[in-house]
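Since the structure comes first, as structure tokens, the remarks are kept for the end.
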Amino acid sequence: MTRWLDPDEQRTWRAYLTATRVLMDTLDRELQREAGMPHAYYEILVQLSEAPGRQLRMSELAQAASSSRSRLSHAVARLEAAGWVRREECPTDRRGQIAVLTNEGFATLAAAAPGHVEGVRRHLFDALSPAQVDQLRGISETLAEHLTGS
């Protein structure tokens, strides 16, 4: 039996979809305009910048960036062409590769980060009260835990 959404659930679901879609589209457009990269590439650079030695196995990077391996491989190829990332062979697994953030990639990320953080602040946090920020964090953590099983 289908458990249809009641009117309040339907309204909540549609508001959530609209808010998350518009927020991510807005942040993506701003990153494209100001830093010349889509949000997905920014996220890859962030994940690498926070990793030990600024490098991750491609499989770990795909998981960290919530991307499929094929989509990540395509993105990393573009980041390589820009000179922001390089791939190296994995010393412990001949089939594996490691993505390494280059100095140029780190500088590009460092230049993009202030504008992106300002956009996140302006479009998300400035619109919410401190209590709503706490609620959003709690809800988001609950959903992430539920969906990832962690």
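The values are calculated or read from the model by the stated rules, or taken from the named source; none is laboratory data. Remember, predicted model here, so these are calculated numbers, not experimental data. Quick reminder, even Gly has a Cβ in these numbers, built from the backbone with ideal geometry, and neighbours come from all protein chains shown.
Picking from residues in the range 30-59 that are closer than 19 Å to residue 144 by Cα and not hydrophobic (A, V, I, L, M, F, W, C), the one that is surrounded by the most Cβ atoms within 10 Å (Cβ to Cβ) is 47. Of all positions in the range 22-34, at least one carries a residue that is within 24 Å of residue 136 (Cβ to Cβ), out of contact with any Asp or Glu (no Cβ under 9 Å at 6 or more places or on another chain) and hydroxyl-bearing (Ser, Thr, Tyr). Kindly check whether there is at least one residue in the range 3-19 that is under 17 Å from residue 101 (Cβ atoms) and outside any helix (DSSP H, G or I). Checked the range 3-19: no residue is under 17 Å from residue 101 (Cβ atoms) and outside any helix (DSSP H, G or I).
For the range 32-89, which positions are of a type in the set (Asp, Glu) and either in contact (Cβ under 8 Å) with a residue 24 or more places away in the chain or under 17 Å from residue 108 (Cα atoms) (or both)? Those that are of a type in the set (Asp, Glu) and either in contact (Cβ under 8 Å) with a residue 24 or more places away in the chain or under 17 Å from residue 108 (Cα atoms) (or both): 34, 43, 50, 80, 88. Restricting the search to helices (runs of 4 or more DSSP H) fully inside the range 43-150 and requiring at least 3 residues that are among the aliphatic types (A, V, I, L, M) and modelled with pLDDT of 95 or more gives 69-82, 103-123, 130-148. In the range 96-112 there is no residue matching the filter, namely being exposed (fewer than 15 other Cβ atoms within 10 Å of the Cβ), over 17 Å from residue 38 (Cα atoms) and among the β-branched types (Val, Ile, Thr). Selection over the range 85-95 of residues that are farther than 12 Å from residue 48 by Cβ and either surrounded by 14 or more Cβ atoms within 10 Å (Cβ to Cβ) or of a type in the set (Gly, Ala, Ser) (or both) gives a count of 1.
The set of residues in the range 1-29 being polar (S, T, N, Q) and loosely packed, with under 13 Cβ neighbours inside 10 Å consists of 2, 10, 12, 18, 20. Only residues that are surrounded by 12 or more Cβ atoms within 10 Å (Cβ to Cβ) and within 16 Å of the chain's Cα centre (by Cα) were counted across the range 124-150, and they come to 1.
Considering each of 62, 82 in turn, give the residue that is surrounded by 16 or more Cβ atoms within 10 Å (Cβ to Cβ) and either among the small types (Gly, Ala, Ser) or farther than 17 Å from residue 51 by Cα (or both). Answer to the selection: 62.
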